[in-house]
1. If you roll a 1.4 Å probe over the heavy atoms of the protein chains, what accessible area per residue do you get for segment 99-194, in Å²?
2. Going highest first, how would you order 76-85, 134-143, 172-181 by mean Cβ packing within 10 Å?
3. Using a/c under 1.5 as the rounded threshold, could you call segment 118-159 rounded, prolate or oblate? The axes a ≥ b ≥ c are square roots of the C-alpha gyration tensor eigenvalues, and prolate needs a/b larger than b/c, oblate otherwise.
4. Run the 1.4 Å probe and let me know the accessible area of GLU148, rounded to the nearest 10 Å².
5. Would you mind telling me the share, in percent, of accessible area of segment 83-123 contributed by carbon and sulfur at probe 1.4 angstrom?
6. Starting from the Kirkwood radius over alpha-carbon pairs of segment 45-129, derive D by Stokes-Einstein at 25 °C in a medium of 0.890 mPa s and give it in µm² s⁻¹.
7. Radius of gyration and Dmax for segment 88-184's Cα atoms, expressed in Å?
8. Over the alpha-carbon set of segment 147-187, divide Rg by the Kirkwood Rh and report the Rg/Rh ratio to two decimals.
Amino acid sequence: MTEETPGFNENEKPEGPSDATTPDDAAQAAGSADKAGPAGPAAPGEELVEVGLQAQLDQAQAALNERTADLQRLQAEYQNYRRRVERDRVTVKEIAVANLLSELLPTLDDIGRARDHGELVGGFKSVAESLETVVSKMGLQQFGKEGEPFDPLVHEALMHSYAPDVTETTCVQILQPGYRIGERTIRPARVAVAEPQPGASPKGDEASDEESGGPEEG
């Protein structure tokens with residue numbers, strides 16, 4: 001004969017809720033609900049984040065515009081600097097060439113006088129012509145001719161006289177030719193000038209008197 005434990009029957013199940021779930025099942029269900037649930041309106045915190053991002057974007061754009069303006073200004077300053085340096089370089093070169101050629105002007109004057117007196121012959125003639133060719137290639141130009149109007153900017157009057165056949169102050173003799181490089185005058189032409197006779201009637205008036213038969217008698 002066996003003893004039975006009171007209050008327990010193999011055919012009976014423990015009492016309790018039949019639909020109880022484990023904690024893992026509850027977590028999975030909550031995650032599925034979050035994924036499947038409809039999106040609601042943005043929270044106030046999300047709007048603040050968007051406003052902050054837009055402010056940062058505007059600030060970055062303003063900084064970019066400022067740096068672009070600085071770069072353009074620096075580029076313009078650099079271009080101006082290059083042009084100024086190039087202009088100064090050309091000016092320094094012209095001054096150096098002018099100083100060199102100024103030292104050669106007495107020699108060119110001697111060559112000119114020798115040519116006028118027929119003494120430019122033989123080997124001296126070849127050397128003189130070679131020198132004149134070189135200075136011409138360097139930009140040296142001679143000026144000053146008899147009969148041209150006197151210009152105090154390029155002529156230096158060493159002699160003065162009156163002449164009846166001129167209507168304005170005129171260069172009647174070139175004592176020393178002038179020289180220039182481009183627009184720069186190295187030495188003015190030294191000349192003798194003649195002015196119209198004081199009280200002489202201009203040639204135009206004389207021609208008018210002859211055509212009209214002379215001055216009218218009162």
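The values are calculated or read from the model by the stated rules, or taken from the named source; none is laboratory data. Keep in mind that this is a model prediction, so the values were computed, not measured. As a convention, Cβ positions derive from the backbone with ideal geometry for all residues, glycine included, and neighbour counts pool all protein chains shown. Keep in mind that these areas ignore ligands, DNA and RNA; they rest on the heavy atoms of the full protein, side chains included. Shrake-Rupley method; radii C 1.70, N 1.55, O 1.52, S 1.80 Å.
1. On a per-residue basis, 62 Å².
2. 172-181, 134-143, 76-85
3. It is oblate, given that a/c is not under 1.5 and a/b is not larger than b/c.
4. 50
5. Summing carbon and sulfur atoms, their accessible area is 56 percent of the total for segment 83-123.
6. Numbers: Rh = 19.5 Å.
So the translational diffusion coefficient is about 126 µm²/s.
7. 16.1, 51
8. 1.00
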